[in-house]
Amino acid sequence: MRLRGTIAVITGAGSGPGWATAHRMAAEGAIVIVDDVNADTVANEIIKDAGRARAVEPDVTQPGRDREIFKDVANRFGRLDMSVNNAGILWKPYRTGCSEFASGGAGMNYAASKADVIQMTKSRARETWTV
């Protein structure tokens, strides 16, 4: 239980690498905040396996939603120890920085993940959980 008591927000935890990360971190003792459109399902799976999890409702189309989630985590648990930024969204068509249209997947996932990391890094740099 290397992560016992660690508070972790995992975006995109509904499938693939995010799902695996959420389950593994919970198995290692972390309290997992599942941020995904399928958050309830994943959180219930973790709880069923004797882990600790909480589902949150994401909306990547709303600026500041990540900040609301972090404020909620800080109010509820007093801190946030880890953030795994794994979320991606799929819009068709999406104009990439290379002036080409992506049919979804890699282009959008890259852009969403990059934006998420930048925003979360800026938020974290501005505050030391004085939210």
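Residues in segment 1-33 that are open to solvent by 70 Å² or more (accessible area, probe 1.4 Å) and of a type in the set (D, E, K, R): R2, R4, R24. One residue stands out in segment 55-73 among those that are open to solvent by less than 60 Å² (accessible area, probe 1.4 Å) and touching a strand residue (DSSP E or B) at 6+ places or on another chain (Cβ under 9 Å): the one that is farthest from T21 (Cα to Cα), namely D72. Filtered by the rule that a residue be under 17 Å from G14 (Cβ atoms) and among the basic types (K, R), segment 34-76 gives K48, R54, R65. Based on this model, can you work out whether D36 counts as farther than 16 Å from R2 by Cβ, open to solvent by 60 Å² or more (accessible area, probe 1.4 Å) and not hydroxyl-bearing (S, T, Y)? Considered against the rule, which asks whether it is farther than 16 Å from R2 by Cβ, open to solvent by 60 Å² or more (accessible area, probe 1.4 Å) and not hydroxyl-bearing (S, T, Y), D36 comes out as no. Pairs are defined by a Cβ separation below 9 Å, a sequence spacing of at least 6 or placement on different chains, a first member in segment 56-85 that is touching a residue at least 60 places away in the same chain (Cβ under 8 Å), and a second member that is open to solvent by 80 Å² or more (accessible area, probe 1.4 Å); the pairs so defined are I69/E57; F70/R124; V73/R79; L80/R124; S83/R124; V84/P17.
The values are calculated or read from the model by the stated rules, or taken from the named source; none is laboratory data. Note that the coordinates shown come from a computational prediction; the quantities given were computed from them, not determined experimentally. Quick reminder, even Gly has a Cβ in these numbers, built from the backbone with ideal geometry, and neighbours come from all protein chains shown. Surface accessibility is based on the protein's heavy atoms, side chains included, excluding ligands, DNA and RNA. Shrake-Rupley method; radii C 1.70, N 1.55, O 1.52, S 1.80 Å.
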